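Input: a single structure, listed below in structure tokens.
The values are calculated or read from the model by the stated rules, or taken from the named source; none is laboratory data. As the structure is a computational prediction, the values presented were derived from the model and not from experiment. Positions of Cβ are generated from backbone atoms using ideal geometry, with glycine treated the same way; all protein chains shown enter the neighbour counts.
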Amino acid sequence: MTTPDYAEKIPNNVSLNEDRRLQRALESWQPNFLSWWESMGPTLPTRDVYLRTAVNVGREGWAQFGHVPMRDYRWGIFLAEREGDRRIAFGAHKGEPAWQKVPGEYRAELQRLIVIQGDTEPASVEQQRNLGATAPSLYDLRNLFQVNVEEGRHLWAMVYLLHAYFGREGREEAEELLHRNSGSEDSPRILGAFNEETPDWLSFYMFTYFTDRDGKYQLGTLKESAFDPLSRTCEFMLKEEAHHMMVGTTGVDRVVERTAQVMVENDTDDVAAHGAIPLPVIQKYINFHYSVSLDLFGGETSTNVANYYTAGLKGRWLEERRKDDHLLTSDSIMVDALTDGEIGQTEVAALVGLNTDLRREYTADCAGGVKRWNRILEQAGLPQRLYLPHVAFNRKVGAFAAIEASPTGEKLTAGEWEAGKGQWLPTDTDKTFVRSLMQPVHQRGKIAAWIAPPRNGINGQPFDYDYVHLI
Ligand SMILES: [Fe+2]
Ligand SMILES: [Fe+2]
């Protein structure tokens, strides 16, 4: 079960060859996926890239590294190993055996959850497709492509579930996942943040830090699902996501490190003239990416999510580590809310406030990055600090969608917002400046001037390794 079969057209560890119908259906989706990859995937022509490919789902040594032409990447279907007697950990079915098939009563909801997750995976590939042309180093270029092929694989993961468990409707949804496109007028991706462009590498690091991290938390809730194949799929996806988080965390680290260095060397805050990104611009990018990622958690309260929980479709982050009854029928939670028009909190039933519970876990995790970046500033002897903006800042979804607030959480009039937003969110001037720095550095061992080199290479290779062979 653990070893994927690479002799197959579609590498997998789900014994695809024992279900000819399913195998044929997925094999007929495969060329559509490949033509989507060719037309919507990375635009920079490459000969091959030093990529990791999953070869095992076990704890140790699950990946293998080597130079592969990207179109020959072995996208496949890998589920974490099945736990012998897995029981449902929460909700009305708590204690019952996990489901190996989709219960009819929850079919529509489960399909919807899988489609929404599946839609984000190819969306990010589309958002990032032009970044290769301006990569700051071959190391970064390789990381971009690794993230891209794995998001492609995550699409495979969701499409497998749709094909295997949701019949004809599932197959139709799988087609739609290739037809919607990020930013498209006619058929955009489902969630707002996945229709924003990723026009420069600072945005890419922010995206992999903040938006991929949202993905981590969503996958974490689906990993708890009573529907066992979904749970096992998400468990393995989370393993791959860890690398995406690393790319984001260390990417912002390196931008901050370089900025701090230039500030100290030239004894100035105005590092733009020296080809680095000023701290206030970095802060604006944090403000933007964090606030749009918060929107991905949905409203503070949601009866849908309460129902998903009770039904066992979607749990909480680290459900089994929570010390409560895992039913939550008599608990309550304070959630962010407008109270008498002011930014405040209100008490609701815990089940209804589950989005808030998840979003708070996410925020605590995001704060870890800010702490790291501030340590870099501190070690450089600088007094400036970065921060996460207030939960009410720049929100389009939830309790604060109807108002404007400053990054420190003061409610603003429309006029105050208009006057202030250029100090808080990237302006056209900021974006143009950041873009002007995005000159490709495609020579081995070289790096752009606006970012520090990484501390470590990939898979024990040095920074100056030939991670990518261009055409
Ligand atoms: Fe993903
Ligand atoms: Fe990711």
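Some notes on this structure:
- Scanning segment 207-232 for residues that are within 11 Å of ligand 1 (Cβ to nearest atom) and either among the β-branched types (Val, Ile, Thr) or within 20 Å of Glu109 (Cα to Cα) (or both) yields Thr208, Thr211, Gly215, Gln218, Leu219.
- Where Gly192 falls short, out of the listed (1) more than 16 Å from ligand 1 (Cβ to nearest atom); (2) among the small types (Gly, Ala, Ser); (3) surrounded by fewer than 24 Cβ atoms within 10 Å (Cβ to Cβ); (4) modelled with pLDDT of 95 or more: (4)
- Every listed requirement among (1) crowded, with 20+ Cβ neighbours inside 10 Å; (2) assigned to a loop (DSSP other than H, G, I, E, B) is met by Arg82 save one, (1).
- Total residues in segment 85-106, condition in contact with an Asp or Glu (Cβ under 9 Å, 6 or more places away or on another chain), surrounded by 14 or more Cβ atoms within 10 Å (Cβ to Cβ) and not small (Gly, Ala, Ser): 5
- Only one entry of Ala123, Ala157 meets the criterion of being surrounded by 23 or more Cβ atoms within 10 Å (Cβ to Cβ), closer than 19 Å to Asn12 by Cβ and within 13 Å of ligand 2 (Cβ to nearest atom), and that entry is Ala157.
- Identity of the residue in segment 275-324, small (Gly, Ala, Ser) and not in a loop (DSSP other than H, G, I, E, B), that ends up surrounded by the fewest Cβ atoms within 10 Å (Cβ to Cβ): Ala311
- Test: residue in segment 171-183 that is within 14 Å of ligand 1 (Cβ to nearest atom), part of a helix (DSSP H, G or I), touching a residue at least 60 places away in the same chain (Cβ under 8 Å) and closer than 30 Å to Gln23 by Cα: yes
- Filter result for the condition that a residue is crowded, with 22+ Cβ neighbours inside 10 Å, under 30 Å from Pro440 (Cα atoms) and either of a type in the set (A, V, I, L, M) or away from ligand 2 (no atom under 16 Å from the Cβ) (or both), over Pro69, Pro136: Pro136
- Odd one out for Arg168, checked against (1) more than 15 Å from ligand 2 (Cβ to nearest atom); (2) part of a helix (DSSP H, G or I); (3) closer than 22 Å to Trp75 by Cα: (3)
- The requirement of being within 16 Å of ligand 2 (Cβ to nearest atom), in contact with a helix residue (DSSP H, G or I) (Cβ under 9 Å, 6 or more places away or on another chain) and not β-branched (Val, Ile, Thr) is fulfilled nowhere in segment 264-271; no residue meets it.
- Per this entry, Asn148 is counted among residues that are in contact with a helix residue (DSSP H, G or I) (Cβ under 8 Å, 6 or more places away or on another chain), within 16 Å of ligand 1 (Cβ to nearest atom) and of a type outside the set (Asp, Glu).
- Being in contact with a His (Cβ under 7 Å, 6 or more places away or on another chain), at pLDDT 95 or above and on the phi < 0 side of the Ramachandran plot holds for only one residue in Val262, Val255, and it is Val262.
- Thr250, sole failed condition from (1) within 16 Å of ligand 1 (Cβ to nearest atom); (2) under 27 Å from Arg455 (Cβ atoms): (1)
- Pairing each residue of segment 113-130 that is outside any helix (DSSP H, G or I) with any residue that is of a type in the set (Asp, Glu), provided the two are 6+ apart or on different chains, yields no C-beta distance under 6 Å.
- Looking at Glu240, Glu265, just one residue is part of a helix (DSSP H, G or I), out of contact with any Cys (no Cβ under 7 Å at 6 or more places or on another chain) and closer than 22 Å to Leu34 by Cα, and that residue is Glu240.
- Of everything in segment 209-234 that is more than 15 Å from ligand 2 (Cβ to nearest atom) and of a type in the set (D, E, K, R), the residue that is surrounded by the fewest Cβ atoms within 10 Å (Cβ to Cβ) is Asp228.
- Condition broken by Ala54, with the remaining ones in (1) at pLDDT 95 or above; (2) surrounded by 17 or more Cβ atoms within 10 Å (Cβ to Cβ) satisfied: (1)
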